[in-house]
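Since the structure comes first, as structure tokens, the remarks are kept for the end.
The values are calculated or read from the model by the stated rules, or taken from the named source; none is laboratory data. Just so it is clear, the structure is predicted and the values come from calculations on it, not from any experiment. Because the Cβ atoms are built from the backbone with ideal geometry, glycine has one as well, and the counts that use them run over all protein chains shown.
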Amino acid sequence: MANELDNSQATPQGITHSLEPATFEDFPRFVILKANSGQKPLTTCLFEVHSDFKNTLRTPKQMWGENDGTLVVEVTSRQQYEKVCSLSSLGGSSHNHQEHPTLNVTKGVVASHNLCIQHSELAAKLAEKKVTNVYNITRSLNGVHVPTNTFITTFNTSHLQELIICGYERFPVRPFVSRPRCFNSCNFFGHNQKNCKRPSVCVNCGQSPSHGACSLPENCSNCGEQHAASSQSCVTYLFEKDVLARNDS
């Protein structure tokens with residue numbers, strides 16, 4: 001007796017994926033509200049704005065004010081998004097709204113040996129799937145940057161797609177996690193040269209770099225273990241990477 005067909009297929013790696021990508025109710029999750037010219041900034045009307053939201057719709061998932069006086073609102077459904085956009089005033093101030101330009105996009109990583117294609121061509125072919133940008137990761141080979149089969153893909157959607165269809169192939173999409181930024185003078189994470197007030201240290205031994213080319217034993221200036229501060233196995237690096245992963249999700 002023939003086996004019944006199911007709606008899944010196995011990849012060569014043994015991972016099972018649905019034949020069709022999972023579908024989500026897609027809508028802009030983050031909305032910027034800005035008081036019109038001559039009106040009080042919304043961030044100066046904390047209690048009034050909160051009361052107006054409670055009286056017109058269920059309280060959004062979260063709200064926060066920016067330094068320029070605008071209010072960022074995260075909604076949980078398309079219905080709530082439409083209600084937020086329909087509000088004409090909050091806290092006694094008339095305002096306008098717009099979708100947040102960066103928080104309503106997601107980034108994922110797609111990798112396969114079958115993706116032997118220029119990133120610009122891939123972006124063009126995936127435009128109908130709400131892909132807005134594709135970046136091809138390269139590796140250095142004998143001093144030359146060589147393209148790989150790994151692509152960082154930006155989607156104009158509030159939920160990251162789990163699967164993307166490229167022609168007759170279906171590729172899983174894993175979340176893109178930014179690398180922790182480390183200033184290469186103090187070898188400390190989370191800031192740049194402009195904001196650095198720490199002394200310069202050697203990336204290899206953790207001491208003052210005045211000794212020139214370092215031949216001393218490796219000693220991390222961040223965690224104190226026996227490896228260079230640039231090591232990606234450093235517990236401090238892994239912690240910073242985990243923080244970025246949580247922020248990116």
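Numbers below:
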read-out: Residue within the stretch 85-92 that is farther than 30 Å from residue 53 by Cα, in contact (Cβ under 8 Å) with a residue 40 or more places away in the chain and in a strand (DSSP E or B) present; value: no
read-out: Residue match in the stretch 231-241 (condition: touching a residue at least 12 places away in the same chain (Cβ under 8 Å), among the acidic types (Asp, Glu) and more than 30 Å from residue 73 (Cα to Cα)); value: no
read-out: Some residue of the stretch 234-249 being at pLDDT 85 or above, surrounded by fewer than 18 Cβ atoms within 10 Å (Cβ to Cβ) and of a type outside the set (A, V, I, L, M, F, W, C); value: no
read-out: Conditions (1) at pLDDT 90 or above; (2) in contact with a Ser or Thr (Cβ under 6 Å, 6 or more places away or on another chain); (3) not aromatic (Phe, Trp, Tyr): number failed by residue 137; value: (1)
read-out: Test result for residue 98, out of contact with any Ser or Thr (no Cβ under 8 Å at 6 or more places or on another chain), in a strand (DSSP E or B) and loosely packed, with under 15 Cβ neighbours inside 10 Å; value: yes
read-out: Candidate set: the stretch 70-95, residues that are over 23 Å from the mean Cα position of the chain (by Cα) and of a type in the set (Ser, Thr, Tyr); chosen: the one surrounded by the fewest Cβ atoms within 10 Å (Cβ to Cβ); value: 88
read-out: Residues of the stretch 183-204 satisfying the condition of being in contact (Cβ under 8 Å) with a residue 40 or more places away in the chain, part of a loop (DSSP other than H, G, I, E, B) and crowded, with 17+ Cβ neighbours inside 10 Å; value: 187
read-out: Matching residues in the stretch 209-227 - criterion: being part of a loop (DSSP other than H, G, I, E, B) and out of contact with any Ser or Thr (no Cβ under 9 Å at 6 or more places or on another chain); value: 212, 213, 214, 215, 216, 217, 219, 221, 224, 226
read-out: Some residue of the stretch 203-214 being in contact with a Cys (Cβ under 6 Å, 6 or more places away or on another chain), assigned by TED's automatic domain parsing to the domain that holds residue 236 and of a type in the set (S, T, N, Q); value: yes
read-out: Qualifying residue in the stretch 123-141 (condition: of a type outside the set (S, T, N, Q), touching a strand residue (DSSP E or B) at 6+ places or on another chain (Cβ under 9 Å), part of a strand (DSSP E or B) and over 19 Å from residue 176 (Cβ atoms)); value: no
read-out: Among residues of the stretch 24-39, those that are over 30 Å from the mean Cα position of the chain (by Cα) and surrounded by 15 or more Cβ atoms within 10 Å (Cβ to Cβ), counted; value: 1
read-out: Conditions (1) part of a strand (DSSP E or B); (2) under 21 Å from the mean Cα position of the chain (by Cα): number failed by residue 180; value: (1)
read-out: Filtered residue count, the stretch 205-233, keeping only those that are on the phi > 0 side of the Ramachandran plot and either surrounded by 16 or more Cβ atoms within 10 Å (Cβ to Cβ) or at pLDDT 90 or above (or both); value: 1
read-out: Selection within the stretch 45-63 - loosely packed, with under 13 Cβ neighbours inside 10 Å, under 18 Å from residue 85 (Cβ atoms) and modelled with pLDDT of 85 or more; value: 62
